[in-house]
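All of the numbers you see were taken from the coordinates with simple rules; none came from a lab. All values derive from a computational prediction rather than experimental measurement. Virtual Cβ from ideal backbone geometry, glycine too; neighbours counted across all protein chains shown.
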């Protein structure tokens, strides 16, 4: 039998580096998911003004449950729904509030009629944050493909 034999030497370093890719990529994805959650958090709007003549005393509970103050901006406390689960292609970031009545105030599909003219919804938060979130993920893909 006629045989061709080719020996390729010096691949040990490349093979070792490739073994570390999944772990490094996962760390980078967690970082970008964290940035994504921060973008959502930053996009939470301030409370709308009270309706004229209202005697209801606001508690600020909804804002605090979203990590925001009544006048907007981060309050310092993390939102009640704020987590990163899974890894790789099954990674999931969760942001929001677990208040039972929040759905009637800020859920785009279940918002009560009296809140519609004044209150923003989580869709507004998503729309405000989405361009920055997409840029974070796009930058990660560019870095991965470049390296």
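Tabulated data
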item: Contact order normalised by residue count of the chain, Cα under 8 Å, 6+ apart, percent; result: 24 percent
item: Exposure proxy ranking, count of Cβ atoms within 10 Å, fewest first, for 44, 144; result: 144, 44
item: Within a Gaussian network of the chain (alpha carbon springs, distance under 10 Å), most fluctuating of 50, 126, 134; result: 50
item: Residues 49, 69 arranged by fewest to most Cβ contacts within 10 Å; result: 49, 69
item: Fewest-first ranking of 30, 106, using other Cβ atoms within 10 Å as the exposure measure; result: 30, 106
item: Inter-label distance, nm, simple model (7 Å from Cα along the C-beta direction), residue 2/residue 94; result: 6.6 nm
item: Kirkwood hydrodynamic radius of segment 1-69, Cα pairs, Å; result: 18.0 Å
item: Candidates 96, 53, 88, ranked by Gaussian network fluctuation over the chain, Cα under 10 Å, top entry; result: 53
item: Of 14, 112, 43, the one that fluctuates the most in a GNM where the chain has Cα springs shorter than 10 Å; result: 14
item: Estimated FRET transfer efficiency (residue 141, residue 80; beta-carbon r; R0 25 Å; 0.05); result: 0.20
item: Rg/Rh ratio calculated on Cα atoms of the chain (Kirkwood radius); result: 1.26
item: Where labels lie 7 Å past Cα in the beta-carbon direction, separation of residue 9 and residue 113 in nm; result: 8.4 nm
item: Distance from segment 120-137 to segment 1-60 (C-alpha centre basis), Å; result: 15 Å
